[in-house]
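Below is one structure, written out as structure tokens; the observations come after it.
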Amino acid sequence: MKKTNLLNFIICILIINILSCKKYIQKQEENALVDMVTNGTWRVTGYYDHQVNNLTDSFAGYSFQFQKNGVVYGVKYGQQTNGTWTTDINALTITSNFTSPPYPLNLLNHVWKVTDSYVDSVAARTDVDSSYNILNLHKN
């Protein structure tokens, strides 16, 4: 009977350690992503509405600065528009929201599924109606 209790105790400790390690690794991945996104400014290098209409030129002159506190600044010619952003490392998504934004910043108000990423670029898409929009960002 004592061996069974000891064995159950050891198994419980191992399971707790494994789960703790997994959470730790996920937190480190999230921290690395946040550091990558918040280090430097970004620009839109591609935006396709419903995969067809190339609206990239609408973002000319804009730069974006993501803050660790979840705020994002869209700046064009010294005019700043504030928004928010969040990430879900498990779902590989980034959500952005600008409140009452001027065009074209309203086009960014979606949950974006990251389809490809590097330290200096991100490709993402979001479902819209029966289609999807495509967004490409690069670091300045």
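Assorted remarks:
- Highest average packing first - 102-108, 133-139, Cβ atoms within 10 Å: 133-139, 102-108
- Partner aspartates and glutamates for K27 [C-alpha distance under 17 Å; skip if fewer than 8 residues away on the same chain]: D35, D88
- For region 18-140, the alpha-carbon coordinates run over 48, 36, 25 Å along the three principal axes, in decreasing order.
All of the numbers you see were taken from the coordinates with simple rules; none came from a lab. The structure displayed is predicted, hence computed values, not measured ones. Here Cβ is always computed from backbone atoms with ideal geometry, including for glycine, and neighbour counts include all displayed protein chains.
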